[in-house]
Amino acid sequence: QKTVSEQNHALVAIKVFFRWAQRRRYVAHSPCEGMQTIRRQPRQRVLTDAELAAVYKTAEKIGYPFGTIVQLCILTGQRRSEIAWLRRDYFADGRCTLPGSLTKNKRDHTFPIGKVARAVIDKLPNGSDFLFPAQRGNTVFGGWSKQKTAFDQACPIEAWTLHDLRRTFAHQWQRMGI
């Protein structure tokens, strides 16, 4: 089953093809006229405390790299890509500063690193400036769908995404009045 994004991408490609065919008079009109891409409903999933604990325990069991990325998503509330691109030199004085090139709003972003997150980071292999380097090349971890599928088999809770961890983080802080 294809995701909404994959379905939209396929529809756009088909529409482009038929416009091309129409311009060259291979078809009288595009059968895609009037078709619109699928509008995705905004996600609102927030994990329960029990679900969050199950995800964290599974992440500990699975370990590096994907499990550790999941742990840091839970502990910091950052996006998966921001965690994947972490470098050792982003950390100083109990904080992490992401350069604008990595953030959605293109601005530098500094956030605190708590004791538990620091302990997770301190256990990481020390062979690269990246915390999560790819096996090949000068880039970072990229096996998201395959690793998430394996993770879901090990942690069978209601369907969730890595971004749901960010939403859950924000929800927990709001619940505490922060």
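The values are calculated or read from the model by the stated rules, or taken from the named source; none is laboratory data. Everything quoted here is computed from the prediction, not taken from an experiment. Cβ sites come from the backbone with ideal geometry, for glycine too, and all protein chains shown count toward neighbours. The accessibility values were calculated without ligands, DNA or RNA, using every heavy atom of the protein model including side chains. Shrake-Rupley method; radii C 1.70, N 1.55, O 1.52, S 1.80 Å.
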Residues satisfying the stated conditions in the range 117-165, i.e. closer than 17 Å to Leu72 by Cα, open to solvent by 50 Å² or more (accessible area, probe 1.4 Å), under 16 Å from the mean Cα position of the chain (by Cα) and acidic (Asp, Glu): none
Condition check for Arg45: farther than 17 Å from Ile74 by Cβ and in a loop (DSSP other than H, G, I, E, B): no
Residue under evaluation Asp164, criteria (1) over 21 Å from Arg43 (Cα atoms); (2) in contact with a Lys or Arg (Cβ under 6 Å, 6 or more places away or on another chain); (3) of a type in the set (Asp, Glu), criterion not met: (1)
Pairs, first in contact (Cβ under 8 Å) with a residue 12 or more places away in the chain in the range 43-64, second among the small types (Gly, Ala, Ser), C-beta under 6 Å, six or more apart: Thr58/Ala154; Ala59/Gly67
Residue, most open to solvent (accessible area, probe 1.4 Å), within the range 24-47, restricted to residues that are at pLDDT 90 or above and out of contact with any helix residue (DSSP H, G or I) (no Cβ under 9 Å at 6 or more places or on another chain): Arg25
Filter result for Ala21 (modelled with pLDDT under 95, assigned to a loop (DSSP other than H, G, I, E, B) and of a type in the set (A, V, I, L, M, F, W, C)): no
Near pairs, Cβ below 9 angstrom, 6+ apart or cross-chain, from the range 67-88 (at positive phi) to any residue that is open to solvent by 10 Å² or more (accessible area, probe 1.4 Å) and of a type in the set (A, V, I, L, M): Gly77/Ala170
